Structure formats: C-alpha cells, structure tokens
Amino acid sequence: MLLKQQRQLIDTGLVTQEQLSEAMRSNEAKQGDVLLGLMALDGLDSSAILQALAKIYKVPFLDLNHVEIDDRLIEKCPEELCREFSFVPVAMSGGELVIATADPMDYAAMDTLQFKLGQRVRSVFTNPELIQSKIRELFSDGDAAFDDAMSSLDDSGDFESGVEDENENEPADIDSLKKGAEGSPIIKLVNGIIIKAMQLGSSDIHIEAGDKSSVVRLRIDGRLRAVMKFPTKAHPMLVSRIKIMSKLDISNTRTPQDGRTKVKFGGKGFDMRVSTLPAMYGEKVVMRILDKSGLSLSLDVLAFEKKADERIRECIGRPTGAVLVTGPTGSGKTTTLYSFLHHINDEETNIVTVEDPVEFQIKGLNQVQVNARAGMTFSAALRSILRQDPDVVMVGEIRDEETAHIALHAAQTGHLVMSTLHTNDAPSTVSRLVEMGTDAVALSSCLNMIVAQRLARRLCPKCKKKVKPTLEMIQQYEMPEDMVLYEPVGCDACLKIGYKGRCGVHEVLYVNDRVREAIASEVSDQELMQVCREEGMYALFEDGMNKVLAGITSVKEVLRLATPPEDFSFRDRIDGEGLLMSIGQAAAVRDSAQVKATKDDDINTILMIDDSKSIRSLVRFILQAEGHDVVEADDGRKGLSLLQQAKDKLNLIIVDYEMPNVDGPTFIKEVRRQSKYDDIPIIMLTSRKDEEDEVLGLDSGADDYIVKPVEPMKLQARVRKILSMYNRIRMAAGQ
C-alpha cells in the first residue's frame with residue numbers, strides 16, 4: 001500500500017494514523033503486507049476497509065468465498081505463478097484474464113505476469129487473507145483445504161451422537177473401514193460438519209464424492225452452499241461413520257439405504273434422517289436435520305393473505321370434506337398440515353395421521369408410520385384408520401389411485417381429510433386427481449380447499465436496501481414508477497447472502513359454488529385458474545408480489561419460485577395500503593367506480609355484456625360518441641351482479657347471446673322475472689342470424705334484436721329509439 005493510498009484510507013475515517021503505524025510494525029508488514037497487519041488489529045471493520053480500498057484503487061472488489069473457478073483457468077495459470085504473484089484467476093472477459101489480487105496497483109508485476117502468461121490481464125481487488133487458501137484449495141487436491149477445514153471445525157464437547165454399540169459379527173473384510181470410521185479425525189470431521197450445519201441453521205447436509213476431492217454443501221434457507229472440501233480418500237470412512245451412527249449396513253455400498261439417528265447439541269435434541277445413494281466416485285450422503293424446538297405450529301406465522309387465512313380457518317373447522325396441500329419436496333407442506341391439525345386439536349377430536357416418515361411427534365395426535373415391507377402402505381393404513389372412529393384423518397401423501405379413492409370417499413362420509421400431493425399449482429391438483437380415476441362430480445362435492453405452497457427467502461432486515469422498479473419491470477408489469485421495492489445486500493448477520501429465514505408463498509383455492517361447478521364440468525386448468533382468481537384467489541406469483549410490496553422478499557426471489565400469469569399487471573390493482581388486490585377484488589372496485597361515476601341523471605348509462613373484449617370496446621366507442629356512459633361485464637353472471645349494484649342508474653342493457661356461465665336468453669329471463677327491472681330496456685346483440693334464434697331472444701324478453709357485425713350508425717339509431725320509447729312510457733306513467 002503506497003503512502004498516498006494510506007492517507008486516502010485515513011481520510012475515510014475507518015483507520016487512524018496510530019492504527020496504521022501499529023500495523024506497519026506488525027510481523028505481517030515486515031513480510032511485506034501492511035494490509036494484513038492492519039486487518040489483524042482489533043476493533044477495525046475489515047469488510048469496510050476492503051470496500052474503501054477498492055474505491056481508492058478504482059477497481060471492483062470480489063469476495064473469493066462466493067466464486068467458483070473454471071478448471072480451464074486453473075490449467076492456464078500454473079500454481080507456481082499464482083503463488084509467486086499472489087493472485088487467483090477468476091474469469092475471462094473481453095479477451096482479458098481477470099485475476100483477483102491484494103495489490104492491483106503493482107503495475108510492474110502486472111506487466112511481468114502478462115508476459116509470462118502471453119495474455120492481457122485485468123485485476124480486481126480481494127481480501128489478501130483468502131488468496132493463499134484459495135490457491136491451496138485449487139491446486140492441492142483437497143488436502144490443504146481439508147487441513148484448514150479440520151482445524152476450524154468445532155468438535156464441541158456439548159455434542160452427543162446416537163451411535164449404538166458395535167456388532168462384533170461384522171465381516172472381516174471391512175474391519176479396516178470400521179477402524180478408520182472410528183478414528184479420531186473422522187469422528188471430529190463428522191461431528192464438526194453436523195455442528196456447523198446446526199450453527200448456521202441448515203436444513204440438509206449434502207456430502208458428495210468427486211474425482212479429486214469430496215465436497216460438503218449445506219442447504220441454508222432453501223439454497224445449497226459449499227462449506228468445505230476434503231480428500232476423496234477420506235470419503236469412504238466418513239460415510240461409514242455416518243452409517244454406524246444411523247444403524248445402516250456399512251458393508252453395503254451398492255444400493256441406496258435410509259436410516260435415522262438422534263443427536264444432542266446445545267441442550268436440544270435433533271432428529272436426523274439419513275439417506276445414502278451410490279454414485280460414480282462414491283456414495284452420496286444427505287442428512288436432513290429436524291429441529292423440534294424450531295417447529296412453530298401457529299397459523300399466525302404461516303404468512304397467509306388475510307382473506308385466505310379466514311377461508312383456511314373456516315375450511316379446517318368443518319366436520320367433513322378434503323383439504324389438500326400441494327407443492328414440491330421441501331416446500332413446507334408437512335409443517336402446514338401439522339399447523340392445521342394443531343389448530344383444531346382438542347380432547348374431543350380424534351385425529352389420526354398416516355405418514356412416511358413421521359417427521360415430528362405431536363402431542364394429542366395418533367401418528368402411524370408407513371411400513372411398505374410389512375404391508376402397511378398408505379391405502380392399507382387408511383382402511384384400518386377408518387375403523388378407528390376418527391374425526392380427522394391426515395394422509396401424508398396421495399400417491400396412487402387407491403389412496404385417492406379411499407381418502408376422498410372418507411371426506412364424503414363424515415370425516416375431515418387432509419393430505420398432500422405433488423403438483424405445480426392448486427388448479428392442476430384437480431386434474432391430477434381426475435387422472436387418478438377420481439370422479440369430477442364427486443371430487444367437487446367433497447373438496448373444501450387446495451393450498452399450493454412455496455418457500456421464499458426473507459430479506460435480511462439488517463441490510464436490505466430500498467430500490468425503484470427497473471424500466472423492464474415498469475414496462476412488463478405496469479409497475480408505478482414510484483413503487484418501493486427491496487433488494488438483498490449481504491452482511492455478517494446473513495453470512496453475506498442478503499437473505500435470512502424463509503416465508504410461505506401460497507395459492508389458496510377456496511371451493512365455493514362457482515368453483516364447484518367448474519370442477520364438476522371438468523374445465524381445463526387454465527379456465528379453473530381464471531375462475532378461482534376472479535373469486536378472490538391470488539396466484540403464487542401474485543401472493544409473492546404482495547410479499548415483495550411488504551418488504552419481506554425480493555422480485556428476483558419470487559421469479560425463482562413462480563411464473564407470472566399471462567395477464568398479470570399492477571395497473572388498477574394497488575389498494576389503499578399499497579398491496580396488490582386479487583383480480584376479483586380489482587374488478588369489484590372497478591365496477592363500483594364505474595357505477596359511482598354515472599350519477600348524473602342527464603347521462604344515459606348502458607350496461608354492455610359480451611365475452612368478446614373487442615366487441616365490448618367497439619360498442620363502447622360507438623355509444624360514447626353519442627354521449628352515453630358504458631359499464632362492461634364479460635359474462636352473464638357478472639352482468640347480473642352489476643345490475644344489482646346499479647339498478648337505479650342503468651338506462652339500457654345490451655347483452656350477447658352466447659356467453660360463459662349465464663347465456664343471453666337466460667340472463668334476460670332472470671332480469672324479466674324481477675319486476676323491479678321492468679323499466680330497463682334490453683337489446684340482444686348477437687351473431688346468430690336464424691329466425692328461430694331471434695324469436696327465442698324476443699320471447700325471453702328482449703326489446704330489440706341486432707345482428708353482428710356491429711354497424712355503428714344503425715346501433716346508435718336503435719339505442720336512441722329504445723331509450724326514447726321508454727322515456728315516453730315513464731312520462732306517461734308520471735315517473
């Protein structure tokens with residue numbers, strides 16, 4: 001670090017002259033590295049110093065902890081050269097080799113390096129403490145990295161594993177493997193990995209063998225993160241140690257095995273599910289950590305949208321019916337079901353579950369473990385459970401036609417049934433069950449609710465930053481330009497990730513009469529999705545966007561989990577609290593505003609009902625040219641709803657013949673059946689030209705019958721005539 005750069009660093013206020021002088025007297029400085037000496041001092045913010053120096057050097061800062069190095073770069077840069085010039089190759093960009101170094105201002109060294117490599121070089125700044133360890137990791141086949149990792153592992157005395165006494169009758173040819181597995185370094189390695197995972201709040205540990213080294217990855221908040229490497233030669237002993245802990249067969253390395261064990265750490269007990277899988281370079285091991293103390297079974301912490309939360313509490317409180325939760329593995333389906341059961345659990349309710357496996361033991365629940373080898377499958381267990389006089393039955397997963405049939409039959413015959421499936425969203429769950437052989441009409445009669453679920457990472461509250469929508473977001477989603485969003489940054493509290501913890505993103509399909517009718521009619525997944533959204537359901541992406549607006553997660557995280565609906569837009573969908581309304585809510589607000597805007601008695605208000613958006617737009621343009629206000633609906637059911645809201649303000653109704661839900665003749669008959677609408681004229685506008693259709697339309701109660709395509713002047717004239725005629729009738733009646 002040059003004198004000029006030292007003065008600039010002091011000017012930032014991060015370092016004093018006294019601290020810099022002390023650093024220059026350190027052993028690190030005597031070996032030629034003042035920066036290392038400075039970072040070794042107590043009370044200094046190393047991260048802030050590194051960021052400040054990057055600005056002084058006018059080069060980007062790169063954290064080597066989060067960089068994966070391409071093998072081609074390692075082949076291009078010999079180990080001796082990396083050590084001599086203290087750099088790590090990180091990328092190729094625009095024909096230049098990008099290297100990470102602690103002294104990007106050493107131009108003489110840079111020129112020499114370019115000559116030796118025969119390649120143009122561009123530098124970025126990095127933490128000098130990481131350079132040598134990264135070089136050892138890249139070039140030492142995992143041995144040096146393993147030594148570093150072993151020295152940093154915490155083989156805490158406050159840790160107990162569930163290893164049982166050894167079986168003395170093990171085959172002789174695996175004695176050496178057992179001996180290595182019980183050796184102190186391997187025990188320390190396994191214990192240290194588990195402790196590290198627990199300290200970081202990891203849900204899963206992945207141990208994977210490679211060609212040169214094995215890697216340990218931890219799943220933290222749903223994403224895998226590599227934490228250490230160790231030599232491949234130690235991999236068989238490490239796997240054997242885990243098998244011994246989990247009571248698995250250490251001599252069997254050719255077939256998958258599943259087991260479980262218990263460990264204690266920090267005064268808490270943890271269950272661990274262990275799975276082994278033979279792979280090319282050795283067995284892969286995955287350990288799932290089940291923390292009972294961290295399990296919250298309150299519905300209040302599941303982050304359901306307000307209306308969805310009300311509907312869920314109502315559905316799980318019913319005495320009969322089916323409540324289904326769907327989503328991929330690891331999306332929190334079981335926790336959600338446990339929360340439902342916990343909410344309704346009391347002494348008067350007999351709750352029985354059948355699970356594979358029983359992940360958590362809940363007080364007050366009769367939990368049954370599936371055992372396929374003993375013939376205790378989901379369907380077999382379910383049959384037995386129904387003879388135990390249950391009030392509520394929870395089936396861990398509906399996997400086959402037989403289980404689906406028994407479960408849904410139970411939901412129809414006096415039981416509340418809860419279960420899970422693997423589907424992409426809530427509407428596709430219906431088609432999946434129909435594909436399994438379930439009758440659509442029977443399904444519609446017993447289904448209460450379907451909850452589709454994903455887990456989104458929460459933004460770290462200590463470091464998240466406010467941002468404005470990008471131009472792409474504004475154009476694609478019609479976002480207001482002044483909308484406040486948040487993005488991850490990364491700090492020590494969140495391990496530099498920017499996220500800490502997870503929250504649920506949900507799609508709650510509530511089965512009301514209209515949805516029940518759609519299910520029984522076997523409409524497509526897309527049509528059912530549209531019906532449910534119109535009835536107030538948020539699609540997964542929409543619920544995720546609400547959590548973005550609340551500052552809980554980021555747009556990037558929601559896009560990772562869900563795909564936006566084709567018609568998604570923020571336009572006219574933000575409520576007074578700054579949150580996204582469902583399309584059903586937005587339509588109701590828009591219709592109410594249309595009705596409210598037509599209070600002037602001198603202006604005629606016309607209700608236009610047609611399922612064709614282009615026809616509605618054309619008619620609106622034609623009638624507005626005559627000075628009329630136009631209120632729109634895209635089917636007969638919505639038309640009836642608008643009519644009820646705006647009865648005293650409507651002067652005329654124009655309705656199509658063929659429409660979904662309620663067609664034109666049925667709509668007119670319903671209107672004419674109610675005498676309070678007698679003073680509202682109705683015109684039928686349709687493409688049906690047959691005389692029989694016209695007679696049917698007029699007989700149903702229409703005052704006029706106009707055939708498409710729309711002729712503007714003719715339509716205007718017919719509307720004027722009808723309105724004038726009804727006005728004369730009102731005047732004659734003294735209204």
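The values are calculated or read from the model by the stated rules, or taken from the named source; none is laboratory data. Not measured: the values here are computed from a predicted model. Neighbour counts are summed over all protein chains in view; Cβ atoms, including those assigned to glycine, are modelled from backbone coordinates with ideal geometry. Accessible surface areas use protein heavy atoms only, side chains included; no ligands, DNA or RNA. Shrake-Rupley method; radii C 1.70, N 1.55, O 1.52, S 1.80 Å.
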* Structure fact -> Ranking Asp309, Asp513 from most to least accessible area with a 1.4 Å probe gives Asp513, Asp309
* Can you give the relative contact order of the chain as a percent, counting alpha carbon pairs under 8 Å and 6+ residues apart? -> 6
* Structure fact -> Computed over segment 193-290, the relative contact order (Cα-Cα under 8 Å, seq sep at least six) in percent reads 27
* Asked: Residue by residue, what Karplus-based ³J(HN,Hα) values in Hz, rounded to whole numbers, does segment 303-316 have, using 6.51, -1.76 and 1.60 with θ = phi - 60° and x for Gly and Pro?
  -> 6, 6, 4, 3, 5, 5, 4, 4, 5, 5, 4, 5, 5, 6
* To do: May I ask which of Lys465/Lys500; Lys333/Lys496; Lys333/Lys500; Lys464/Lys556; Lys669/Lys714 have a Cα-Cα span longer than 18 Å here?
  => Lys333/Lys496; Lys333/Lys500; Lys669/Lys714
* To do: Report the full-extension gain for the segment Asp70 to Gln19: residue separation times 0.36 nm, less the Cα-Cα distance, to one decimal in nm.
  => 14.5 nm
* Whole number in Å², please: accessible area per residue of segment 268-317, 1.4 Å probe, ligands, DNA and RNA not counted. => 48
* Asked: What list of ³J(HN,Hα) couplings, whole Hz, do you get for segment 198-211 from phi and the Karplus terms 6.51, -1.76, 1.60, once you set θ to phi - 60° and write x for glycine and proline?
  -> 5, 5, 8, x, 6, 9, 9, 10, 10, 10, 10, 7, x, 5
* **Where segment 594-735 is the region considered: accessible area per residue in Å², 1.4 Å probe** => 53
* **Accessible area per residue, Å², segment 407-448 with all protein chains present, probe 1.4 Å** => 33
* Report ³J(HN,Hα) in whole Hz for each residue of segment 478-483, in order, from the Karplus equation J = 6.51 cos²θ - 1.76 cosθ + 1.60 where θ = phi - 60°; Gly and Pro get x. => 6, 6, x, 5, 8, 5
* Structure fact -> So the carbon and sulfur contribution to the accessible area of the chain, 1.4 Å probe, in percent, is 47
* May I ask you to list the lysines whose Cα is less than 20 Å away from that of Lys247, ignoring any residue fewer than eight positions away on the same chain? => Lys178, Lys179, Lys188, Lys262, Lys264, Lys284
* Structure fact -> If the chain between Glu527 and Arg223 were fully extended at 0.36 nm per residue, the gain over the current Cα-Cα distance would be 106.1 nm
* Structure fact -> With -39,500 (n - 2.57) per DSSP H segment of 4 or more residues and division by the full residue count of the chain, the 222 nm estimate, nearest 500 deg cm²/dmol, is -12000 deg cm²/dmol
* **Those Cys residues of the chain for which no other cysteine Cβ falls under 4.7 Å** => Cys77, Cys82, Cys315, Cys446, Cys503, Cys532
* Taking amide hydrogens as modeled 1.01 Å from N in the peptide plane, which residues meet the under 5 Å criterion relative to Arg458, leaving out close sequence neighbours? -> Lys500, Gly501, Arg502, Cys503
* Structure fact -> By the mean-Cβ-within-10 Å protection proxy, highest first, 610-622, 542-554, 410-422 rank as 542-554, 410-422, 610-622
* Tell me, in nm to one decimal, what length is gained between Glu566 and Ala520 on full extension, where the rule is 0.36 nm per residue of separation less the Cα-Cα distance? -> 14.0 nm
* Structure fact -> Under 5 Å from the placed amide H of Gln367, counting only residues 5+ away or on other chains, we find Thr353
* To do: Could you give the size of the charge dipole of the chain about its Cα centre, using +1 on the Cβ of each K and R and -1 on the Cβ of each D and E, expressed in debye and rounded to the nearest 20?
  => 1240
* To do: Go through [x] 1.21; [y] 1.27; [z] 1.10 and flag the label whose value is the computed Cα Rg over 2.2 N^0.38 Å for this structure.
  => [y]
* **Which of Leu643, Gln119, Met418, positive extreme of dipole for the chain (C-beta unit charges)** => Gln119
